[in-house]
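The structure under discussion appears below in the form of structure tokens.
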Amino acid sequence: MNYKRIGFGTLLSVALLALAVEPVAAQEATSVTRGLIDGLNSKLLFVAIPITILTEGILIYTVYKFRKSEEPKPTQENRRLEITWTVATAIILLFVGVASYQVLGNEFVTTPEDQIDNIPEDNAVVVEVTAQKYFWTFHYPQHDVNASDTMVIPSDRPVYLKITSTDWLHAFHVPGLGLKQDAFPGESHTLKTKVNPSGEGTYQLYCAEYCGVGHSAMLGEVNVTDGETYDQWIENQQAAAESESGGNNTTAGSNNTTASNNTTAKLAA
């Protein structure tokens, strides 16, 4: 076996794949959450590619070399080789475990459930996301603002999503921002993220858990804006709610006046 040729071919293949992957990895992620997940995928990819190429190379070489062997000989014991691949496997598994733990243990990927009640950032945005057959509603408790189907969040501050369901098992999933969380009836779970300025735009929201005949139509949008636009949107929503409430009160007052006049007329008669 020509180990030099195999080693050179492996290194060349890894280098070419690295060049192909690097421009994608170098792009700024849309959110902190998405960046952490993509970074982990890239690390695991750089580990998996050399192993795959080396294994397949040895397999192809062995099949080709012994293709005409009618009486294959049993494998001979080689303790040095066995120790080598055992140690190498242990190192690889340790690397994968540490890299995965660093990402999965990050608060932007696995958010502690009690953090939404003890938010460390003063400027953080809290959105209560409620799933229901077959639509989404969003409540902003800090401003008493409600919205449906489209969630608006800023790109200049942390965002906490408190996700629940009213009737069935659903799943909040925004692939473009790296967000996914099951929505359980009677329970709430927290997601924390922060969108980068380059990630401003509109993203598709899906229900990622089959929830009935209307599952495929249970869609929504996440609109990421700059902080100033977000604050203006909040003010507009509050003004619209106050206007609607005032209009209802005026109508109710007019109805009460009419009823009072009718009662007075009846008593006079």
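Here, each number is a calculation from the coordinates, and none is a lab measurement. This one's a predicted model, so the numbers in the text were calculated from it and none came from an experiment. Please note: Cβ atoms are built from the backbone with ideal geometry, for glycine as well, and neighbour counts cover all protein chains shown.
Quick look at the values:
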{"quantity": "Residue-count net charge about residue 206 - beta-carbon cut-off 11 Å; Lys, Arg +1, Asp, Glu -1", "calculated": "-1"}
{"quantity": "FRET efficiency estimate (nearest 0.05) - Cβ-Cβ, residue 196 to residue 235, R0 25 angstrom", "calculated": "0.50"}
{"quantity": "Residues residue 44 and residue 115, FRET efficiency given R0 of 25 Å [Cβ-Cβ distance, rounded to 0.05]", "calculated": "0.35"}
{"quantity": "Cross-link reach list, aspartates and glutamates versus residue 162, counting only Cα pairs under 12 Å and skipping chain neighbours closer than eight places", "calculated": "113, 114, 117, 128, 182, 187"}
{"quantity": "Residue 169 paired with residue 65, simple spin-label distance in nm, labels 7 Å along Cα-to-beta-carbon", "calculated": "5.1 nm"}
